[in-house]
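One structure below.
What follows is calculated from the coordinates using simple rules that are stated; it is not laboratory data. Predicted model only: the values in this text are computed from it and were never measured. Glycine gets a Cβ as well: all are built from the backbone with ideal geometry, and neighbour counts include every protein chain shown.
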Ligand code: HEC
């Protein structure tokens, strides 16, 4: 893969005539030898899971770039760009997965049947199957009740008996439901039992009619806290409310999850479709922020002394992080984020570090063209896969799974999963269990599949695993089963 430094980016990264989609790229250059359906011909099958010349993404990249002249595979380096070769790797991987998973049984739970996984067996209990609309996040109250957000802006109680309380909490802040944004995260202050603070992450802004009678929406992710008395939101305080000048009309990439630790609150704001803005430290989008739990800025944040930088920024270069979790064993912070096609990431978030978007990404555009972006001075640039000074994800998903919801399993009902990371996925409708040792993913397993888009996954105080699903909208939980 190409390693280039920022200095040379302006020389080498310029986009040439590379609007060719990956399907066409394959059809024109590869199908003749490897088959229109990748089934093989003069060259071998590219979807049978057998890679004679190395099976990692980097190996396949090298096979294409360097070729194998003796065997009759010409090198494509210099003929195709780095990003085009990368897009072919993504494309081959997507199709390999499609072929290999045909007829494979994943752990798809159904009521009353036991689902077996490598280490633990479980049953799914459906708690709420009716009445929730686009649920986004769940938080657990000490008395056994739960709070659930709905994207439209409603904050609701679930009773301790896991029924939906029909009375919606009133007086919650106005929310601009727009595209992917709305009322998103909910979490309790770690000392909730003493102070009663409930934190919400939401799309904040304005919706007005313009001259043409059309909705003019301006919004960005914000963080607010308040208390709930009976069914009334009170004592509201803004914790992080970006200046109105940072609002945008984009309907995408709001981010939003909360992690509390030692008096700090960490939360991401997605790049709001702003692309290169994720690299600009004077903007709040495309960043993970750290503030005190009352909104003050810690004096030791990495950019407090950087001219024009927002002092709340903890890390930057993020696209759309919708998962954030801390490993209690060592205090390491992780986020998952939606990348472009083939570029979903798990990152280890270290203060002041750059996570690359959109300059460095392993993905390509959804339409199969190489990833590109407009630089700050308006030049069309091609993304690269690696760059000095930019952090690589600790793992990524190819094909993309559409990561959403992230939690370490900290309960005691599934002892063999203790402190494993649970990764939810919308598009692939799954939960993956990642074992993490020394900040590395040492194993990965799909433990649930195909019962809905996983919006949130959380260890309950009872040690059971609660899952909010979209389409159909439901709250379910995993309970241990003996066989
Ligand atoms: C002229 C025929 C020909 C063309 C065109 C061609 N390949 Fe190949 N390819 C081969 C042969 C032959 C091999 C070696 C097969 C073997 O070792 O069995 C190969 C090997 C490969 C491998 C390594 C496979 C493995 O098992 O490790 C990959 C990946 C690959 N080609 C991808 C491509 C892609 C992508 C393109 C289009 C950009 C392409 N090839 C174009 C003939 C071709």
- In percent, what relative contact order does the chain have, based on Cα pairs under 8 Å that are 6 or more apart in sequence? 14
- Mind jotting down the distance between the C-alpha centroids of the stretch 223-297 and the stretch 16-90, whole Å? 43
- Task: May I ask for the angle, rounded to the nearest 10°, between helix 57-66 and the longest principal axis of the chain, with both axes built from Cα atoms and the value confined to 0 to 90°?
- Result: 30
- Task: With runs of 4+ DSSP H residues as the only contributors, calculate the mean residue ellipticity of the chain at 222 nm using -39,500 (n - 2.57) per run, divided by the residue total and rounded to the nearest 500.
- Result: -3000 deg cm²/dmol
- Query: Which value in nm describes the separation of the simple spin-label points at residue 95 and residue 28, placed 7 Å from the Cα toward the beta carbon?
  - Reply: 1.6
- Inter-label distance for residue 367 and residue 110, nm, one decimal - labels placed 7 Å from Cα along Cα-to-Cβ: 4.2
- Query: Which angle from 0 to 90°, rounded to the nearest 10, does the C-alpha axis of helix 82-100 make with the longest principal axis of the chain?
  - Reply: 70
- Item | Distance (nanometres) between label positions extended 7 Å along Cα→Cβ at residue 68 and residue 305 | 5.4
- Task: Can you grab the distance from the C-alpha centre of the stretch 340-416 to the C-alpha centre of the stretch 417-483, Å, no decimals?
- Result: 20
- With a 10 Å Cβ neighbour count serving as the proxy for reagent exposure, in which order, fewest first, do 456, 473, 235 appear? 235, 473, 456
- Run the numbers on the stretch 333-389 and let me know its relative contact order in percent, using alpha-carbon pairs under 8 Å that are six or more apart. 28
